[in-house]
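The values are calculated or read from the model by the stated rules, or taken from the named source; none is laboratory data. Just so you know, these numbers come straight off a predicted model, no measurement behind them. Every residue, glycine among them, receives a Cβ derived from its backbone with ideal geometry; neighbour counts consider all protein chains shown. Each accessible area value is taken on the protein alone, full model and side chains, heavy atoms only, with ligands, DNA and RNA left out. Shrake-Rupley method; radii C 1.70, N 1.55, O 1.52, S 1.80 Å.
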Amino acid sequence: MSTLSQRLWDAALPTYQQIADHPFLLGLADGSLPREAFRYFVVQDSHYLRAYSRCLALLGARSPHEEPVRMFSLHAANAVDVERELHAALLGDLGLSEDDVEQTGALPTTTAYTSYLTAVCATGSWAEGVAAVLPCYWVYREVGRTLLERSSPDPLYARWIDTYGSSEFDAVVDQVVAVTDRLEVSAVEEQRCRTHFTTTTRYEWMFWDAAWRGLVWPV
């Protein structure tokens, strides 16, 4: 019988295939992605990571087992560190400042995605919360692996690709997949987990698409 994580991934595979073919990611790989689209992404990713770190900390606090408490708490701290590194490196290379990040704020897709994650992690079951945060780990790993094979002629884009295509990140994702496969869920709860997993995978597609299209608040 397949593992829970594999069943979740299989349910979201059609969406992931569209992620892999998205022009934002294809542009990262061949270096053709407009800088403005990447600036949008980095600013919004900064806002996303702030919220995501809090969701991971919340999951850690809600875990019924000791090891996931430690793991998610560590990952929450690492997400904060990554956000700081973005400010120190990528933002500067893109001609942006912390003030630019604050003034732009979280745009529609970022707000919707982080609000959904927070709601599931706060009000869903422990298993539902794990399923909701898992796509951010897993999708980025698969994207990183795929793009690493192509690399990028643009040094800035290549640096971003190297982060998510690294063996270190691969090990982090394996930890969360292992936690997922130890979850004990009923058929009904597994269906809810599948719904959350496929929904946040769709939000991953929407996040890159928003950067590609430069989506802003309509009013």
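Odds and ends about this structure:
- Of Thr146, Thr200, Thr109, the one that fluctuates the most in a GNM where the chain has Cα springs shorter than 10 Å: Thr146
- Area of Glu36 that stays accessible when all protein chains are in place (1.4 Å probe, Å², to 10): 120
- Tilt relative to the chain, helix 35-62 - C-alpha long axis, 0 to 90 degrees, to 10: 20
- Heavy atoms of the protein chains alone define the surface here; on that basis the chain has 46 Å² accessible area per residue at 1.4 Å probe size.
- Placing R0 at 35 angstrom, the Cβ-Cβ distance between Leu148 and Arg84 gives a FRET efficiency of 0.90 after rounding to 0.05.
- Degrees, to the nearest 10: 4-20 long Cα axis against longest axis of the chain: 20
- The modelled label-to-label distance between Ala20 and Arg35, using points 7 Å beyond Cα along the C-beta direction, is 3.2 nm.
- The chain - percent relative contact order, Cα under 8 Å, separation 6 or more: 34
- Summed residue charge, Cβ within 13 Å of Glu189's Cβ, Lys/Arg positive, Asp/Glu negative: 0
- C-alpha center-to-center spacing [the range 154-209, the range 59-97] in angstrom: 15
- In the elastic network of the chain, a GNM with C-alpha springs shorter than 10 Å, the most mobile of Ser186, Ser166, Ser73 is Ser186.
- Taking label positions 7 Å along the Cα-Cβ direction at both Ser2 and Ser115, the computed distance is 3.3 nm, reported to one decimal.
- Charge sum, other residues only, whose C-beta stays under 12 Å from Arg39's C-beta, Lys/Arg counted +1 and Asp/Glu -1: -3
- Surface share of carbon and sulfur [accessible, 1.4 angstrom probe, percent] for the chain: 55
- Dipole magnitude (debye, nearest 20) for the range 1-130, charges at Cβ of Lys, Arg, Asp, Glu: 400
- Between Asp174 and Glu98, the C-beta separation translates, for a Förster distance of 30 Å, into a calculated FRET efficiency of about 0.35.
- Computed over the chain, the per-residue total of -39500 (n - 2.57) for DSSP H runs of n ≥ 4 gives a 222 nm mean residue ellipticity of -27500 deg cm²/dmol, rounded to 500.
- Extreme residue, positive dipole direction of the chain, given options Ala29, Leu4, Gln17 (C-beta unit charges): Leu4
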